[in-house]
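*Asks:* Below you'll find the structure I mean.
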């Protein structure tokens, strides 16, 4: 276990580590009042039983649970040994970061054996031993990266992880990047290319990007248009809209304004110091 020396300055950080450790022989814990910080516990070997929020869960290797502060819980060993890695963290924006990432709490999160989460306990121990400032800014960066990886690779209720969805969509992302200029490109074409139904494609996109396939395509077209507005100064707004895949200039301008809060012309002038 490494008890972090949390300074007054550390407590002003958006997020900071309070405690971190790796128990080769995990003991039983009963906390009827919960813990005062966010608490992550995962199994690195063996198996344990975890109880919280009226649920009883088995934590096997490559499985863990994230608890918000003050959630009553209890965990006991099912095998000997039961080895675990844990980290507790807090901070002014800890709750905001957890909720913004949409991380599941008080339930089992699992990941694939080749995920970065599987070797995290070893890497964190080495980092903490080498770096005396690990409890400061480095520790803050570490716990944020951990939470991002948990979002990226964690699986809840046997659902695919964000990274698995992303891998599945990557060929389509490349296809769209090469064919965004086709004004006839639509949901049916995208679904056919991906080999899934329109409903499945919509689910994959919303899970991975938070947008529908059509919204993603519009964002991509606007991104390409922004590049042309800066790099192709001789092209007219109308030409750029057409090259970006918009059927007419009015749709291009309205879509651009909606996303960028300015017209294409204003965006171009902004980057060329025009008034």
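*Asks:* Just one of the numbered conditions (1) in contact (Cβ under 8 Å) with a residue 60 or more places away in the chain; (2) closer than 14 Å to residue 267 by Cβ is not true of residue 185; which one?
*Replies:* For residue 185, the exception is condition (2).
*Asks:* Residues that are farther than 29 Å from residue 269 by Cβ, in contact with a strand residue (DSSP E or B) (Cβ under 7 Å, 6 or more places away or on another chain) and either surrounded by 19 or more Cβ atoms within 10 Å (Cβ to Cβ) or not assigned by TED's automatic domain parsing to the domain that holds residue 116 (or both): does region 161-172 have at least one? If you could, list the steps in order and put the result at the bottom.
*Replies:* Filtering region 161-172 for residues farther than 29 Å from residue 269 by Cβ gives 161-172.
Now restrict to residues that are in contact with a strand residue (DSSP E or B) (Cβ under 7 Å, 6 or more places away or on another chain): 161.
Those left that are additionally either surrounded by 19 or more Cβ atoms within 10 Å (Cβ to Cβ) or not assigned by TED's automatic domain parsing to the domain that holds residue 116 (or both): 161.
Scanning region 161-172, I find at least one residue that is farther than 29 Å from residue 269 by Cβ, in contact with a strand residue (DSSP E or B) (Cβ under 7 Å, 6 or more places away or on another chain) and either surrounded by 19 or more Cβ atoms within 10 Å (Cβ to Cβ) or not assigned by TED's automatic domain parsing to the domain that holds residue 116 (or both), so the answer is yes.
The values are calculated or read from the model by the stated rules, or taken from the named source; none is laboratory data. Small disclaimer: the values here were computed from a predicted structure and weren't measured. Reconstructed Cβ throughout: ideal geometry from the backbone, glycine too, with neighbour counts over all protein chains shown.
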